[in-house]
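The values are calculated or read from the model by the stated rules, or taken from the named source; none is laboratory data. Everything numeric here is computed off the predicted structure, so don't read it as measured data. Here the Cβ is made from the backbone with ideal geometry for all residues, glycine too, and neighbour counts use every protein chain on show.
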Amino acid sequence: MKLETNLFKIETHKVPQLENRIRLSDYTPGIFNSIFSKKGVKKAIKNGYVTINGTIGFTSDYIIGGETIDLYQSNISNNKPIIKISLEIVYEDDYLAIINKPAGIIVSGNKKYTIENALPKALSKSLQKNALERPEPIHRLDYPTSGALLIGKTVEAVILLNKLFEDRKIHKTYHAITLDKISNNGIIDSPIENKACKSEYKTICSVESRKYKFLNLVQLIPHTGRRHQLRIHLASIGNPIFGDLKYGKDGLTGKGNGLYLHASSLVFSHPITNKEVSASIQLPKKFLKIFPNA
């Protein structure tokens with residue numbers, strides 16, 4: 001089975017030495033920034049978009065360690081719908097963009113109402129030769145999370161931005177409101193699903209609350225990118241994020257205002273121009289109702 005000529009490589013992963021061999025379909029979930037589920041991985045493998053050491057991989061192939069796994073994507077426009085969503089464009093040039101993702105909208109997936117399906121209308125078309133018909137989200141923000149989302153507009157930009165993420169050269173800052181008494185700052189490095197990860201937090205201010213004891217505005221820096229990392233880490237030290245229905249405390253999740261987690265800034269070196277890109281997004285109004293001076 002040969003690799004299709006219309007594909008371009010978007011991500012590469014080097015497999016570390018493993019204690020036991022594992023099937024490709026079981027190993028790959030979580031290793032790529034652009035695929036978030038086991039179902040998505042299996043679909044990519046089935047479509048011939050995943051290679052092992054340059055050869056198309058199959059779900060039944062075994063990984064033992066030392067392999068190079070590449071993820072490809074077609075540059076042919078698919079039949080996904082294009083919708084209109086009013087999106088705040090924080091930064092845009094001919095190669096990439098940063099938008100302010102609203103809370104309550106998924107980034108991508110099989111549903112019609114996604115950020116990905118809104119990007120062709122929201123962004124200006126790149127004039128570069130390798131421009132994408134549909135701009136690509138480079139990373140993920142959870143459905144209830146708002147804030148800075150990085151978008152690639154050309155084939156080259158997608159590849160290089162994914163490489164920056166892989167090398168941890170894109171610096172992300174989040175803000176959250178957490179519950180209960182919290183220390184001034186700290187580092188949480190407990191593993192998630194047996195994978196090493198690290199989150200850093202700094203408490204900006206706190207207010208006492210009869211129901212929640214304390215509400216804290218905290219700044220967060222994820223040094224790794226595990227799924228739900230910040231939410232899991234803060235819950236693990238007894239300070240879950242306000243409004244977190246999955247990891248929060250029963251009866252203390254608030255009502256109707258969603259998750260108080262916001263991706264507030266992205267800083268990185270532009271992969272084409274090498275100039276620094278620094279984008280900051282102010283806190284949502286629901287944050288300011290609790291901390292009006294933030």
Can you name every residue in the range 141-163 that is within 13 Å of the chain's Cα centre (by Cα) and either part of a strand (DSSP E or B) or touching a residue at least 60 places away in the same chain (Cβ under 8 Å) (or both)?
Leu141, Asp142, Pro144, Thr145, Ser146, Gly147, Ala148, Leu149, Leu150, Ile151, Leu161, Asn162
Note on the range 66-97: residues surrounded by 14 or more Cβ atoms within 10 Å (Cβ to Cβ), over 26 Å from Pro120 (Cα atoms) and not acidic (Asp, Glu) are Ile69
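Before we move on, is His139 modelled with pLDDT of 95 or more and not acidic (Asp, Glu)?
The answer is no for His139.
Per-residue answers, yes or no, for (1) modelled with pLDDT under 90; (2) assigned by TED's automatic domain parsing to the domain that holds Glu136; (3) surrounded by 14 or more Cβ atoms within 10 Å (Cβ to Cβ):
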site	(1), (2), (3)
Thr12	yes, no, yes
Ile22	no, no, yes
Ser25	yes, no, yes
Asn33	yes, no, yes
Ser37	yes, no, no
Gly40	yes, no, yes
Ile52	no, no, yes
Ile56	no, no, yes
Of the conditions (1) part of a loop (DSSP other than H, G, I, E, B); (2) touching a helix residue (DSSP H, G or I) at 6+ places or on another chain (Cβ under 7 Å); (3) not β-branched (Val, Ile, Thr), Arg134 fails just one. Which one is it?
(1)
Do you know which of the residues in the range 194-222 that are surrounded by 15 or more Cβ atoms within 10 Å (Cβ to Cβ) and assigned to a loop (DSSP other than H, G, I, E, B) is modelled with the highest pLDDT?
Lys198
Checking the condition in a helix (DSSP H, G or I) and touching a strand residue (DSSP E or B) at 6+ places or on another chain (Cβ under 8 Å), which residue from His262, His233 passes?
His233
